[in-house]
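Note sheet for the following structure.
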Amino acid sequence: MEPPFLSLFAELGAILGSAESREARSAEILRRLRTVVPYAAASVSAAKPGTIEHVSLANDGYPPRVERHLNQWFVHHDPAYLLMRRSSGPPLRWRDNPFRYRDTYSAREVFLPAGFDEGITVCMRNRRGFYTGSLHLSVDDRRHPTDDAVGFLTHLQVMLGELTDLGAAPPPMVGESERITITSAGGRRDGSVRPVSDELVKQVRTLAAADALPAWFWWQPAKGEVRLVTTERIGDEITVGQTTADLPYELSVRELEVLTLLAGGLTNLQIGRRLSISPKTVAKHVEHTLAKLSAASRTEAAVRATRVGLVLLSSTRPLPPR
């Protein structure tokens, strides 16, 4: 990396380590990036946990229509974006794609009419490898971004990944992950020797159809131990992984069951009936769970559970309402 880029890299690191809000840090990062990519417009957007759509953390120059396009249609359908997401490869300028990007809907109907003549999107991932958001840079001069600038932006894929991570990272995986890719049309491609069960695939499709699919959750199969399940939506495909992992916060399986039902709005009496235990026993589990989560109330515990995937699902236990 050349000295000017090394200096900027250090500056961005200092910004990321500051106590400012995500939005303030994102805006400042865009301002600094203008020194290497003289953009006409730029934005930092974060993926909403459990959905495909994004939310802007900072926007410098994109008109509302273009910003909406980037956060909605683009992440569902744009072929260059989907290519980068599926391959986990480096960022691509329009001219780097294996097809004529200028003929795509995004370029022809959105970017070119807005005055942009070239652009690049950087797909960010956190240290666990999960996609978290995108950096978009659009220019009105086809000489940019330069090859050196693209090389620098490649380094930002992980560096900025934590900034756009709106959900907590899943627990560390213990065993080898079993993976499958499923489509809305009903197809599936198993990626391991031990395929993901039809029971889990059905649950994932049900949650996705209800726009309630979390980025990760805990799964109780009909037989066997509790598993950690991760999901990643890319266009009309969902990649599902499952593996063994230690429950966070030293929760027991029973406490996770109680927390899941609590997050669904059930009372102690209703939880007791569902789990065939007394309300007094439920109250003890709730007390222990709140203490382990350092939560001051049932409401705080419920919000945290749904936000970070602390829910235990099965074919008979749906996701609690958000």
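Per-structure values
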read-out	value
Hits in the range 1-30 (condition: over 17 Å from Thr164 (Cα atoms), of a type outside the set (Gly, Ala, Ser) and open to solvent by 60 Å² or more (accessible area, probe 1.4 Å))	Met1, Glu2, Pro3, Pro4, Leu6, Phe9, Glu11
Flag if Lys280 is more than 22 Å from the chain's Cα centre (by Cα), surrounded by fewer than 15 Cβ atoms within 10 Å (Cβ to Cβ) and in a helix (DSSP H, G or I)	yes
Long-range neighbours under 8 Å by Cβ, at least six apart or interchain, first residue within 19 Å of Trp73 (Cα to Cα) and open to solvent by 40 Å² or more (accessible area, probe 1.4 Å) within the range 88-112, second at pLDDT 95 or above and of a type in the set (Phe, Trp, Tyr)	Arg102/Trp94
Residues of the range 128-137 classified as in contact with a helix residue (DSSP H, G or I) (Cβ under 7 Å, 6 or more places away or on another chain) and open to solvent by 10 Å² or more (accessible area, probe 1.4 Å), total	1
Extreme residue, most open to solvent (accessible area, probe 1.4 Å), among residues of the range 292-309 that are among the β-branched types (Val, Ile, Thr) and under 20 Å from the mean Cα position of the chain (by Cα)	Val303
The range 138-152: number of residues that are basic (Lys, Arg) and crowded, with 24+ Cβ neighbours inside 10 Å	0
Only listed residue being among the charged types (D, E, K, R) and within 14 Å of Gly235 (Cβ to Cβ), chosen from Glu109, Glu53, Glu118	Glu53
Selected residue [part of a helix (DSSP H, G or I) and under 25 Å from the mean Cα position of the chain (by Cα)] from Arg85, Arg95, Arg108, Arg102	Arg85
Test: residue in the range 243-252 that is surrounded by 13 or more Cβ atoms within 10 Å (Cβ to Cβ) and modelled with pLDDT of 85 or more	yes
Cross-chain or 6+ apart pairs with Cβ under 8 Å, the range 280-301 first and under 12 Å from Glu250 (Cβ atoms), then surrounded by 11 or more Cβ atoms within 10 Å (Cβ to Cβ) and aromatic (Phe, Trp, Tyr)	Lys292/Tyr249; Leu293/Tyr249
Residue identified as open to solvent by less than 60 Å² (accessible area, probe 1.4 Å), at pLDDT below 80 and under 24 Å from Gly129 (Cβ atoms) among Pro214, Pro172, Pro195	Pro214
Pairs where the first residue, in the range 259-270, is in contact (Cβ under 8 Å) with a residue 24 or more places away in the chain and the second is hydroxyl-bearing (Ser, Thr, Tyr) and surrounded by 15 or more Cβ atoms within 10 Å (Cβ to Cβ), C-beta under 6 Å, 6+ apart	Leu259/Thr289; Ala263/Thr306
Matching residues, the range 134-165, being over 24 Å from Asn71 (Cβ atoms), assigned to a loop (DSSP other than H, G, I, E, B) and either under 26 Å from the mean Cα position of the chain (by Cα) or among the β-branched types (Val, Ile, Thr) (or both)	Thr146
Filter result for the condition that a residue is over 14 Å from the mean Cα position of the chain (by Cα) and touching a residue at least 12 places away in the same chain (Cβ under 8 Å), over Ala215, Ala209, Ala222	Ala222
Candidate set from the range 14-40 (those that are in contact (Cβ under 8 Å) with a residue 60 or more places away in the chain, closer than 22 Å to Asp147 by Cα and part of a helix (DSSP H, G or I)); member that is farthest from the chain's Cα centre (by Cα)	Leu33
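The values are calculated or read from the model by the stated rules, or taken from the named source; none is laboratory data. Fair warning: this is a prediction, and the values are worked out from it, not measured in the lab. Here Cβ is always computed from backbone atoms with ideal geometry, including for glycine, and neighbour counts include all displayed protein chains. Protein only, heavy atoms only, side chains kept; ligands, DNA and RNA dropped before computing areas. Shrake-Rupley method; radii C 1.70, N 1.55, O 1.52, S 1.80 Å.
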